[in-house]
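Here is the structure we will look at, set down as structure tokens.
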Amino acid sequence: MDDVGPEYDADESPVWQALADPTRRRILDLLRDRPRTTGDVASNFNVSRIAVMRHLEVLSTAGLVTSRKRGRERWHYLNAVPLERMHQRWVDQHASGWASGLLGLRRRVEGHAGALNTDRLAIDLALDVSITAPPAEVFKVLTRDPGGWWGHPYLRADATGLTLERRLGGLLVETRMGGGAVLATVTGWTGDQYLQLTGPFHLGVAVGIATFELSGREDGTLLQFSFRAIGAIEEQFVERFAEGWGDLVGRRLKTLVETGTRLGIAPDPPN
């Protein structure tokens, strides 16, 4: 057990250092509410834009912030994956019941639960996940075995399986006894590099777009994931989707690729 601690501490050191600064913690608070442009973030502080950009760079290096260029602007997103790992290490074993409520990392609206969000992009999130495997292997697991990493509680309670047709126009289908449902259609595909899924994703009267972009690195693969949705979505589902994708992509898919352990709708049997 003595050999495990230093390895984790080395991985988490940049996160602790980033969180030590009150300005950077305030930036994370702003991004928890919603994604923001660089200018929007800077407008909340009485320091220079360059100083804010340096803080964002530190947060990005620690994996706490993910950035995407959209048009002429750069948007910044809270990346909940490192915080979730810290939560699992330091909190889950002792107080998971109440701590999960404290880690509502992606709450989008402070209004009443159950209200409908129709006036803007209802869900807009991005995650960067490092996976210790080559892009071809990650893409194979991502597309050939979705049931190995995608599962309850992010599917219907009576769902029994999940399949994906690996082609443009192919369907992502949730199966259940006597039928099933189409969750999405493949609207973008570049072998071993890019997958885009567009569909209802159980969002009700709304449509979502999930994008997976893979690039090779010395230590494996950088998976850049984003999910955007618009329509009449109950706020409880906005929060569930934001936190759920972090679990599905940042933990379950990563675990399946790196260790072969299935945490999806078709999990490995208990030992």
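Here, each number is a calculation from the coordinates, and none is a lab measurement. Everything quoted here is computed from the prediction, not taken from an experiment. We place every Cβ from the backbone using ideal geometry, glycine too, and count neighbours over all the protein chains shown.
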> Distance from the Cα centre of segment 48-74 to that of segment 193-249, in angstrom?
Replying inline: 21
> With charges set only on the Cβ (+1 for Lys and Arg, -1 for Asp and Glu), what does the dipole of segment 149-242 come to about its Cα centre, in debye to the nearest 20?
Replying inline: 240
